[in-house]
1. Name the residue, out of Gln8, Gln17, that is farther than 17 Å from Asp340 by Cα and either in contact (Cβ under 8 Å) with a residue 40 or more places away in the chain or of a type in the set (Phe, Trp, Tyr) (or both).
2. Would you tally the residues in region 226-248 being free of Cβ contacts under 8 Å to residues at least 40 places away in the same chain, small (Gly, Ala, Ser) and either surrounded by fewer than 16 Cβ atoms within 10 Å (Cβ to Cβ) or farther than 22 Å from Ile290 by Cα (or both)?
3. What are the pairs with Cβ atoms under 6 angstrom where one residue, in region 355-375, is modelled with pLDDT of 95 or more and the other, located anywhere, is among the polar types (S, T, N, Q) and open to solvent by less than 40 Å² (accessible area, probe 1.4 Å)? Sequence gap at least six, or different chains.
4. Answer yes or no as to whether Thr251 is of a type in the set (Val, Ile, Thr) and surrounded by fewer than 16 Cβ atoms within 10 Å (Cβ to Cβ).
5. Tell me whether region 264-274 contains one or more residues that are closer than 16 Å to Ala41 by Cα, in contact (Cβ under 8 Å) with a residue 60 or more places away in the chain and of a type in the set (Ser, Thr, Tyr).
6. Restricting the first residue to region 35-47 and requiring it to be touching a residue at least 60 places away in the same chain (Cβ under 8 Å), which pairs with a second residue that is among the basic types (Lys, Arg) and in a loop (DSSP other than H, G, I, E, B) meet a Cβ separation below 7 Å and a spacing of at least six or different chains?
7. Could you list, in sequence order, all residues of region 75-85 that are open to solvent by 20 Å² or more (accessible area, probe 1.4 Å) and over 18 Å from Asp122 (Cβ atoms)?
Amino acid sequence: MSRSIVRQSKFRHVFGQAVKADQCYDDIRVSKVTWDSSFCAVNPKFLAVIVESSGGGAFLVLPVHKTGRVDKNYPLVVGHSGPVLDIDWCPHDDNILASCSEDCTAMVWQIPDHTLTRPLSDPVVVLEGHSKRVGIVSWHPTARNILLTAGSDNLIIIWNVGTGEPLLSMDDHPDLIYSISWNRNGSLFCTTCKDRRLRVCDPRKREVVAERLAPHEGIRPMRAIFTRDGNIFTTGFTRMSQRELGLWDPTNFEEPIALLELDTSNGVLLPYYDADANMVYLCGKGDSSIRYFEVTDEPPYVHYLSTFSSKEPQRGMGFMPKRGVDVTKCEIARLFKLHDKKCEPITMTVPRKSDLFQDDLYPDTAGPEPAMEPEEWLDGRDEDPILVSMREGYIPPKSRELKVVKKNVLDSRPTTRRSMSALDTNSLPCSGLHKLLFSF
């Protein structure tokens, strides 16, 4: 009778490796804002980093292939009047980026394929609806043009950026919202809050469908993300300020599926989730290591795999969508580590001897096509992401122009639009004002 001592997993030997110095992005002045966001967003075309700037907020956008030293006069994306706090690439258009700032606005930008020759200062649309700084932006995973914003006014607003209008808002949180994560089909999202509660929200019903007080007993900030199976992976702190991770079933919040103590460091752990491999990468701000785990259906459910360690602490981290990894080198993830003055890509690779395409490592992954329109999602429809094959590698589609059209108005070209909350109601005719006030 033979007993298997070691758990069988194709990801058990995944190893991390920093790229060579000439493949890094040097001379980037990473933002020093004290905000627990990742400061970096990346997709198969572009790398975006929030940077230090005088007279407002700015971020740098580089083509992913443009490595090496960044010219100190390289044009930035400027438009916010306060420091930029979060950025997020649209999953359905690699040229569209959302940003939010201390100036109480969120903005959506169209990044041209060619290299910028002058600062980009005209957003496609400005979203104004928050009364305090906006700290979180997050695109809907399957519906076109749906964007979520959360601010320090404890308000969550869901926008249709194609019209610049707010669709829904939720004010169920009594304190600062730390993190928000959509589930796979975008029917629910989970939030963590300063009141130490983990909530699952249905935005279209405008209600909290499940909540748990203190999934981690410490008072330090928590993070939560939905997994592919509908469970929720959380990071936080114990009462003794030890860092901790947990896995929860939102239909039964009484007991965790798994709860694991890690170490006594004080940096907030930012989780990055790979839905295809069911792996989670944990990056702590101020840490010099990246831990990675596999989530399975077998006890202990969250399996520690390994740690990538380096000498320099990380200021932030970007996570490449699966569409952007190199399938010829069995690369399953690529993270972009922010230092004080540079960005360093780190590849996660499964060691394989064959050069052939590895079907088991690369199931079909979420592609760039939205599964539905904003009106369909608002009417209650749910769709999983439209999948694409990775067999031939990923070829980005051509840039599509984001057109912002007000209702009943035909627009020939996209110009900066302000949301309806920013309109000067004094200039509206009486009938227009009546329609505006009672259309929501």
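The values are calculated or read from the model by the stated rules, or taken from the named source; none is laboratory data. Nothing here was measured: the structure is a model prediction, and the numbers come from that model. As a convention, Cβ positions derive from the backbone with ideal geometry for all residues, glycine included, and neighbour counts pool all protein chains shown. Surface accessibility is based on the protein's heavy atoms, side chains included, excluding ligands, DNA and RNA. Shrake-Rupley method; radii C 1.70, N 1.55, O 1.52, S 1.80 Å.
1. Just one listed residue meets the conditions, Gln17.
2. Matching residues across region 226-248 total 1.
3. Ala371/Thr142; Pro374/Asn145; Pro374/Asn160
4. yes
5. Scanning region 264-274, I find at least one residue that is closer than 16 Å to Ala41 by Cα, in contact (Cβ under 8 Å) with a residue 60 or more places away in the chain and of a type in the set (Ser, Thr, Tyr), so the answer is yes.
6. Asp36/Lys285; Phe39/Arg315
7. Pro83
Residue by residue, here is whether (1) farther than 27 Å from Val70 by Cβ; (2) touching a Leu at 6+ places or on another chain (Cβ under 7 Å); (3) touching a residue at least 60 places away in the same chain (Cβ under 8 Å) holds:
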residue	(1), (2), (3)
Cys104	yes, no, no
Trp109	no, yes, no
Pro123	no, no, yes
Asp172	yes, no, no
